[in-house]
Amino acid sequence: MRLIDLSLSASDEDRGAFLSELCESLEIDHACYALQDPFSGNVHGYATYPEEWKQLYGQRAYQHVDPTFTKAVRSVAPVDWSRFTSDSGFDTVFSAARDFGISSQGLSVPVRGPFGDIGLLTVTRDCGEREWQGLRRKIIGGLQSAAVNFHDSVMRSNTIAGLMRVPPLSSRECEILQWIAAGKSQQDVGDILSISPRTVEVHLRSAREKLGALTTPQAVGRAVRLALISPG
């Protein structure tokens, strides 16, 4: 699982700027957005953290042990970092983060998309516990909306489309896979769509190649997992 800083791409400068503006508007110190590729497991992200901390985080592969990512990304609701204080990985990461002025007080907001994609918006603020609790209640609604909107924006970008490898199936290929998922044979599908079984096979072969599948059942399974078709 590699960590890839998307803010290094000139085409993604606007998203980095959005996080900076989010910090200012919500009165938080730092914000980070991470997207985990469901196929490679790699983590792509943007962050307002100091460059030195981002480099150290990647060099030490903290993404493997940092519970504000590894555990929060499995949640369906926002997670306050206070839940991780007894986690050894949390201590490992934030004992180092303190040297860069980064607080261990924060919040992780997960977002789940239709293609098996999972995004995570995290924010941190160095302040007293009482002040943090008040701020968290104040900003949680805005953070959740920002997380969803940011994730949708990232998923629509050409950069992520290539990284996520979401196959561009044609409407006909999806239609045929949908009938196959429903239990129809190639002959049945040809009759239903008024095309020859050979044409059905041509479309299925194309779909298999795009989906990286060796067999039609594998292609159907991946198309379902990617929400390109519905389960049969």
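The values are calculated or read from the model by the stated rules, or taken from the named source; none is laboratory data. On a predicted model such as this, the values are computed, not experimentally measured, just so you know. Neighbour counts run over all protein chains shown; Cβ positions are idealised from the backbone, glycine included.
Numbers for the structure displayed
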| item | result |
| --- | --- |
| Pairs where the first residue, in the stretch 54-76, is in the same structural domain as residue 106 (by TED's automatic domain parsing) and acidic (Asp, Glu) and the second is surrounded by fewer than 19 Cβ atoms within 10 Å (Cβ to Cβ) and at pLDDT 95 or above, C-beta under 9 Å, 6+ apart | 66/89; 66/92 |
| The stretch 212-232, subset surrounded by 15 or more Cβ atoms within 10 Å (Cβ to Cβ) and over 19 Å from residue 113 (Cα atoms), residue farthest from the chain's Cα centre (by Cα) | 216 |
| Leading residue by the ranking (modelled with the highest pLDDT) among those in the stretch 165-180 that are exposed (fewer than 13 other Cβ atoms within 10 Å of the Cβ) and either of a type outside the set (Ser, Thr, Tyr) or in a helix (DSSP H, G or I) (or both) | 171 |
| Which listed residue, of 141, 183, 162, 119, is modelled with pLDDT of 85 or more and in a helix (DSSP H, G or I) | 141 |
| Count of the stretch 213-232 residues which are assigned to a loop (DSSP other than H, G, I, E, B), farther than 12 Å from residue 169 by Cβ and either in contact (Cβ under 8 Å) with a residue 60 or more places away in the chain or assigned by TED's automatic domain parsing to the domain that holds residue 189 (or both) | 2 |
| Given (1) modelled with pLDDT of 95 or more; (2) loosely packed, with under 13 Cβ neighbours inside 10 Å, index of the condition residue 14 fails | (1) |
| Test: residue in the stretch 186-194 that is crowded, with 18+ Cβ neighbours inside 10 Å and touching a residue at least 24 places away in the same chain (Cβ under 8 Å) | no |
| The listed residue being assigned to a loop (DSSP other than H, G, I, E, B), of a type in the set (S, T, N, Q) and buried (at least 17 other Cβ atoms within 10 Å of the Cβ), out of 108, 103, 86 | 103 |
